[in-house]
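Peer 1: Below is a structure I'd like to ask you about.
The values are calculated or read from the model by the stated rules, or taken from the named source; none is laboratory data. Nothing here was measured: the structure is a model prediction, and the numbers come from that model. Cβ coordinates were reconstructed from backbone atoms using ideal geometry, including for glycine residues, and neighbour counts include every protein chain displayed.
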Amino acid sequence: MSNLATDTLATSSLTDAYVSNEERVLDPELLDKTILERMPNPTGWRILVLPYRGKGVTEGGIVLTQKTIEKESLATVVAYVLKMGPLAYQDVDKFSGIPWCEEGQWILIGRYAGARFSLEDDSEVRIINDDEVIGTIIDPDDIKSN
């Protein structure tokens, strides 16, 4: 095949992969989905977590700005487990068949662990590896970030 034929084939298949803005439509099936159902699904051994944003008010009663709350959320070590990937904690050699956490539980993670994703409302979720969970806690306010 000549370079021209190869280039034409590559260009046409690449062009075919895109959808024009006019052809984009809202999928009505998504309207009936909950917020949790519309969030990313972690694959493999990964876990989807929601970093704790705090109360938004200091102990002295000062209301924090949105920017301060966002900075605090970036450096937080506390997160809520939203979803778990199908292979999370399945490595018997590593976890002895005992999961370190489960959906609906507050956990401790590394300060900057995971990949961050912003959602429509500018809140952030992270996808972390199952072995990045440091511990579990009952009340996220028991942990103070520095």
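Peer 1: Of all residues being free of Cβ contacts under 8 Å to residues at least 24 places away in the same chain and either among the β-branched types (Val, Ile, Thr) or in contact with a strand residue (DSSP E or B) (Cβ under 7 Å, 6 or more places away or on another chain) (or both) in segment 83-102, which is surrounded by the fewest Cβ atoms within 10 Å (Cβ to Cβ)? Just the residue, please.
Peer 2: My answer is Ile98.
Peer 1: A further question on this structure: Can you name every residue in segment 117-146 that is touching a helix residue (DSSP H, G or I) at 6+ places or on another chain (Cβ under 8 Å) and not in a loop (DSSP other than H, G, I, E, B)?
Peer 2: Glu124, Asp130, Asp131
Peer 1: Follow-up question, since we're still on this one. Take segment 103-116 and flag every residue that is free of Cβ contacts under 8 Å to residues at least 60 places away in the same chain and assigned to a loop (DSSP other than H, G, I, E, B).
Peer 2: Within segment 103-116, Glu103, Gly104, Gln105, Gly110, Arg111, Tyr112, Ala113 qualify.
Peer 1: Return the total of residues in segment 31-73 being assigned to a strand (DSSP E or B), over 24 Å from Glu132 (Cβ atoms) and at pLDDT 70 or above.
Peer 2: Our first condition is that a residue be assigned to a strand (DSSP E or B); within segment 31-73, this holds for 46-51, 57, 63.
Applying the additional criterion that residues be over 24 Å from Glu132 (Cβ atoms) yields 57, 63.
Keeping just the survivors that are at pLDDT 70 or above gives 63.
Summing the residues that are assigned to a strand (DSSP E or B), over 24 Å from Glu132 (Cβ atoms) and at pLDDT 70 or above in segment 31-73 gives 1.
Peer 1: Take the residues in segment 92-125 that are of a type in the set (Phe, Trp, Tyr) and under 17 Å from Arg53 (Cβ atoms), then tell me which one is nearest to the chain's Cα centre (by Cα).
Peer 2: Phe117
Peer 1: Counting just the residues of segment 74-84 that are out of contact with any Pro (no Cβ under 7 Å at 6 or more places or on another chain) and either under 18 Å from Asn129 (Cβ atoms) or basic (Lys, Arg) (or both), which one comes out modelled with the lowest pLDDT?
Peer 2: Checked segment 74-84; the qualifying residue modelled with the lowest pLDDT is Val77.
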